[in-house]
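Asks: Below are the structure tokens for one structure; questions will follow.
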Amino acid sequence: MTKKISVVFNKFGVELVFIVMFIVASIVAPKFCTVSNLMSVLRQVSITAPIAFGMTFVIINGNIDISVGGIVGLSSMVAIWLNVNGYPMVLSILSAFAIGAIVGIINAYNVYTGLAPYIVTMCTNLILRGLCNLMTNGQPVFGIRDDYKIWGQGYVAGLSVPIIIAAVVYIILWFVLHHTTVGRSTYAVGGNREAARYPVSAY
């Protein structure tokens, strides 16, 4: 019996802890388990959730990336700068994706060449944060247009847009991780880097 409980806890430990914490919070603070409060919590979580979803791949792979804060900061600053200066919203959004992809490739290349992931991403983070301060001169940015604000403040069918975006990102990355070669390779590398060098068909 103890062995079965241990197996269940090892497999669903995080989910069980979350459920217990949810129940305790609902008892201690009755207003916690209300629609308005839960939606507020989801909206706050949805800002960092897509970053955590992407980081899952890195951690499973046996690495770490501490440059995500700098990536988010610089990509956001560039996107907002383009928006404030009258460039199309699509260009602003694509620029953010492009910066994230470029920095990711640079980090991956440096790690591939044998540098420590922690050192590489720490340096990248410092560089990107410096570029953010250089762009803004350390001052807040004003004048963001409404067509850009909708991505952070808008609602669709009563749901906050950031929550919808986080849910879509989760579904896509969950599918990639569990039903594609990329996902299987990610688990393989994290489990045994040498064994993962064998053809994908081997596992």
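The values are calculated or read from the model by the stated rules, or taken from the named source; none is laboratory data. Predicted, not measured: the structure shown is a model, and the values here were computed from it. Every residue, glycine among them, receives a Cβ derived from its backbone with ideal geometry; neighbour counts consider all protein chains shown. Keep in mind that these areas ignore ligands, DNA and RNA; they rest on the heavy atoms of the full protein, side chains included. Shrake-Rupley method; radii C 1.70, N 1.55, O 1.52, S 1.80 Å.
Asks: Pairs needed: first member in the range 144-169, more than 18 Å from Ser36 (Cα to Cα); second member anywhere, among the aromatic types (Phe, Trp, Tyr); C-beta distance under 9 Å; at least 6 residues apart or different chains.
Replies: Between residues of the range 144-169 that are more than 18 Å from Ser36 (Cα to Cα) and residues that are among the aromatic types (Phe, Trp, Tyr), the close pairs are Ile165/Trp151; Ala166/Phe53; Val169/Phe53.
Asks: Next question. Can you pull out the residues in the range 81-95 that are in contact with a helix residue (DSSP H, G or I) (Cβ under 7 Å, 6 or more places away or on another chain) and open to solvent by 30 Å² or more (accessible area, probe 1.4 Å)? Step through it out loud before you land on a result.
Replies: Taking the range 81-95 first, the residues in contact with a helix residue (DSSP H, G or I) (Cβ under 7 Å, 6 or more places away or on another chain) are 81-83, 89, 91-93, 95.
Passing the criteria: Trp81, Met89, Leu91, Ile93.
Asks: Another one. Looking at Ser160, Ser185, can you tell me which residue is touching a Lys or Arg at 6+ places or on another chain (Cβ under 7 Å) and either hydroxyl-bearing (Ser, Thr, Tyr) or open to solvent by 40 Å² or more (accessible area, probe 1.4 Å) (or both)? Outline the logic, then answer.
Replies: Values: Ser185 fails: touching a Lys or Arg at 6+ places or on another chain (Cβ under 7 Å).
Of Ser160, Ser185, the one residue that is touching a Lys or Arg at 6+ places or on another chain (Cβ under 7 Å) and either hydroxyl-bearing (Ser, Thr, Tyr) or open to solvent by 40 Å² or more (accessible area, probe 1.4 Å) (or both) is Ser160.
Asks: Can I ask one more? Run down Ile64, Ile23, Ile51 and say which single residue is open to solvent by 50 Å² or more (accessible area, probe 1.4 Å) and over 16 Å from the mean Cα position of the chain (by Cα). Write out each step before concluding.
Replies: Details: Ile64 fails: over 16 Å from the mean Cα position of the chain (by Cα); Ile51 fails: over 16 Å from the mean Cα position of the chain (by Cα).
Of Ile64, Ile23, Ile51, the one residue that is open to solvent by 50 Å² or more (accessible area, probe 1.4 Å) and over 16 Å from the mean Cα position of the chain (by Cα) is Ile23.
Asks: Another one. Quick check on this structure: which one of Leu134, Leu126 is open to solvent by 90 Å² or more (accessible area, probe 1.4 Å), of a type in the set (A, V, I, L, M), at pLDDT below 90 and over 22 Å from Val169 (Cα atoms)? Spell out how you get there, then give the answer.
Replies: Working: Leu126 fails: at pLDDT below 90.
Criteria check complete, one pass: Leu134.
Asks: Would the range 70-87 turn up any residue that is among the polar types (S, T, N, Q), under 20 Å from the mean Cα position of the chain (by Cα), more than 19 Å from Thr48 (Cα to Cα) and modelled with pLDDT of 90 or more? Talk me through it step by step, then tell me what you get.
Replies: Initial filter on the range 70-87 (among the polar types (S, T, N, Q)): 75-76, 83, 85.
After this cut, where a residue has to be under 20 Å from the mean Cα position of the chain (by Cα) as well, the list is 75-76.
Remaining after also requiring more than 19 Å from Thr48 (Cα to Cα): none.
Within the range 70-87, none of the residues are among the polar types (S, T, N, Q), under 20 Å from the mean Cα position of the chain (by Cα), more than 19 Å from Thr48 (Cα to Cα) and modelled with pLDDT of 90 or more.
Asks: Can I ask one more? Just give me the residues in the range 71-121 being more than 30 Å from Gly143 (Cα to Cα), not aliphatic (A, V, I, L, M) and not in a helix (DSSP H, G or I), in sequence order. First the steps, then the outcome.
Replies: Initially, the range 71-121 is screened for residues more than 30 Å from Gly143 (Cα to Cα), giving 105-121.
Those still in the list that are not aliphatic (A, V, I, L, M) too: 107, 109-110, 112-114, 117-118, 121.
Listed by number, the residues that qualify are Thr113, Gly114.
Asks: Can you name the residue in the range 142-157 that is open to solvent by 60 Å² or more (accessible area, probe 1.4 Å) and assigned to a loop (DSSP other than H, G, I, E, B) and, of all such residues, is modelled with the lowest pLDDT?
Replies: Phe142
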